[in-house]
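The values are calculated or read from the model by the stated rules, or taken from the named source; none is laboratory data. In this text, all values refer to a predicted model and were calculated from it rather than measured experimentally. Cβ atoms come from the backbone with ideal geometry, glycine included; neighbour counts cover every protein chain shown. These accessible areas exclude ligands, DNA and RNA; they are computed on the full protein's heavy atoms, side chains included. Shrake-Rupley method; radii C 1.70, N 1.55, O 1.52, S 1.80 Å.
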Amino acid sequence: MALSRAVVLGLRAGNAGRQSGQKLQTTGNCLLQRFTSPYNQVLRNSGNLSNVPSPGKAAYGIFVAVATLGGGIYLYRTLHRDKSRFNDRISSIKSIRENIENQGSSGSSVESRQVSADKQETQKALPAAALPTHIPFLLIGGGTASFAAARSIRARDPGAKVLIVSDELDPPYMRPPLSKELWFSDDPDVTDTLRFKQWNGKERSIFFQPPSFYVAPEELMSAEHGGVSVVTGKKVVHLDVRENKVKLDDGTQISYDKCLIATGGTPRNLPAIERASEEVKKRTTLFRRVSDFRSLERLSSSVGSVTIIGGGFLGSELACALGRRAQKSKLEVIQMFPESGNMGKVLPEYLSHWTTDKVTREGVNVISDAVVKSVSYKSGKLHISLKDGRQVETDHIVAAVGLEPNTELAKSAGLELDGDFGGYRVNAELQARNNVWVAGDAACFYDIKLGRRRVEHHDHAVVSGRLAGENMTGAAKPYWHQSMFWSDLGPEVGYEAIGIVDSALPTVGVFAKATEKDTPKRAAEESGTGIRSESDDQGAIPAVSDSAAAAPSLPAPAQQGDSYGKGVVFYLRDNVVVGIVLWNVFNRMPIARKIIKDGEHHADLNEVAKLFNIHEE
């Protein structure tokens, strides 16, 4: 109909054009002569113009008709295309909202709370039209590594424009407090505020920066001094390293100059739970995100029992946190794992058993040597069957059995994955391909001191993200800085570690009697530090004595005893220290870092242990 109207308007305009031409001819032939072609001028000079129809009149009419017709067609197509885009946008928004509501209605009460909490943040997911089509620095993933890289890029290039694309609904935040400090908060609204007191008494939020720190994506490219933008609720599903562009899950395409992959990982699940019914899966939490903390925190006050499967860092921390809470309530906390003691894959056996006793004293029912065979749901309870015949009943399961690096982009980008450690295989500069870097949990990097590695800890995300950001701006630095990691079993017992800490390696432990100040809380209060990995401690490092650096010998046996108050555990490979655990010894990480960096043989590690002043009262 609109096209027919345009044709009619064109014909009418043509008639009007011819009439106008006639009026112009009668009022002044000189005006028409100005628009007469050279061909007409030749005819006029030969005296034959009177025998030829006036082309000026016809041409003018046709010109007006064609112009009007073209304008009508363009207007029709534009309106039709805008209407289609508008309908698509409305359908997309409606689909997202219905998807969230469906997830909330079909899941368990825990999942409903999680969706409800996430739903409050959905407005942060910006429409595709607001995103820039090209960005100098594109960071895939919204975790610690991405934020560290963005901060590093801006430090080296203050005018840089950085876009972070995250599939989470929250801006970048710290994950460690989710299993540590947040659980010891006295604030009844901690799930909403997400603020906590550090061991040094200072309060802070888990978010690295407030929302005002970030530039709106639609304003980023026009920002005079650049900035950092975060797009939440979007996932990169395709990476073209030859064309330097990515595609999001909504079809949006963005080209880049430099790209960082910092996609982190996804919590692993137990095969027994994956094979189980939906009722079992609905009552299982794979702990990783803010929404998981919110759900588990609320659930811990409404169910009778929670079973944590996993004896590593996360499982042990959550067990202690919930155990401490259970002392003031009727909640039963159970922790089970296949090893003989807590953190059995990291700590030597004697220290692992001591740690298990500590977790038990926190009010946790610890079940060691437990291999899950099957999980079922009957009569309102989850029934966990172990391979040795033992049975455990519980209301909810928290699976803390490791992390699977997110490497979905490897196929489309043609990037190499590491068969031994998993993750994207990168060089010492954290580069996977030209203009593409990888940092954080998903990076399998070459450590120039310890060889090929992949690390899943907060401090590594900070260090590798910072290095990747520097190299994206041309620094070309290799990875040599040894990141540390730490675990706290409440405010009284904690440890810091560096390098390769594997209980399968030979170890030498040197211990001393602990004092009241040898706790994570007291150490933080005295030093004034908060999150331990946020600062690079570069204090004075004492030199290793000649006697300690003499010819190598067989490792001395670990000190035995009923109590391991504080001490140092050395992990050896070919009689060289490749890893160190500082047990209730704090603010000594630079010393440990230097010992690993030097890579020397030590005849007497008791002498090396003196560098950490563990015998001081």
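When every alpha-carbon pair in region 572-617 is counted, what percent end up more than 11 Å apart?
On the way: 720 of 1035 pairs.
Result: 70 percent of Cα pairs exceed 11 Å.
Of the heavy-atom accessible surface of region 167-233 (probe 1.4 angstrom), what whole percent is carbon and sulfur?
Values: 1420 of 2990 Å².
That fraction is 48 percent.
Total lysine pairs in region 268-390 at Cα distances under 17 Å, for residues eight or more apart or on different chains: 8.
Of the solvent-accessible surface of region 358-448, computed with a 1.4 Å probe over protein heavy atoms with every protein chain present, carbon and sulfur atoms account for 44 percent.
Computed over the Cα atoms of region 415-466, what is the convex hull's projected area averaged over all directions, in nm²?
Values: hull surface 13.5 nm².
Computed as one quarter of the Cα hull surface, the answer is 3.4 nm².
Classify region 148-206 as rounded, prolate or oblate from the Cα gyration tensor: take a ≥ b ≥ c as the square roots of its eigenvalues, call it rounded if a/c is under 1.5, otherwise prolate when a/b beats b/c and oblate if not. Since a/c reaches 1.5 and a/b is larger than b/c, the shape of region 148-206 is classed as prolate. The GluC sites (Glu not before Pro) of region 187-267 meeting both criteria, a DSSP state outside H, G, I, E and B (loop) and at most 11 other C-beta atoms within 10 angstrom of the site's C-beta, are 224, 243.
In region 160-298, one over the average inverse separation of all distinct C-alpha pairs is 17.9 Å, which is the Kirkwood hydrodynamic radius. Using the Kirkwood formula on the Cα atoms of region 456-495, what hydrodynamic radius do you get, in angstrom to one decimal? About 11.7 Å, per the Kirkwood formula over Cα pairs.
Could you do me a favour and compute the accessible area per residue for region 178-335, 1.4 Å probe, result in Å²? Show your work: numbers first, answer last.
Working: 6830 Å² over 158 residues.
It amounts to 43 Å² per residue over region 178-335.
Rule-of-thumb check for region 304-403: C-alpha Rg over 2.2 N^0.38 Å? Please report the intermediate quantities before stating the final value.
Numbers: Rg = 12.9 Å, N = 100, 2.2 N^0.38 = 12.7 Å.
Here the Cα radius of gyration is 1.02 times the empirical estimate.
For residue 514, nonlocal amide neighbours, meaning residues 5 or more places apart or on other chains whose placed amide H falls under 5 Å from its own, are 565, 566.
Treating each Cα of region 375-524 as an identical point scatterer and summing with the Debye formula, the log10 of I(q)/I(0) at q = 0.10, 0.16 Å⁻¹ comes to -0.57, -0.98. Applying both filters, DSSP loop and at most 16 other Cβ atoms within 10 Å, to the chymotrypsin sites (Phe, Trp or Tyr not before Pro) of region 399-487 gives 421, 480. Our summary of shape: the Cα atoms of region 243-340 have principal axis extents of 58, 31, 29 Å, ordered from largest down, in whole angstrom. Computed from the Cα positions only, the extents of region 234-283 along the three principal axes stand at 46, 20, 15 Å, in decreasing order. By DSSP, the beta bridges lying fully in region 124-258 are antiparallel in about 50 percent of cases.
For residue 481, nonlocal amide neighbours, meaning residues 5 or more places apart or on other chains whose placed amide H falls under 5 Å from its own, do not occur.
I need the trypsin sites (Lys or Arg not before Pro) found in region 303-337, filtered to DSSP loop residues with at most 12 other beta carbons within 10 Å of theirs.
Details: sites: 324, 325, 328, 330; in loops: 328, 330.
When the trypsin sites (Lys or Arg not before Pro) of region 303-337 are filtered for loop state and at most 12 Cβ neighbours within 10 Å, 328, 330 remain.
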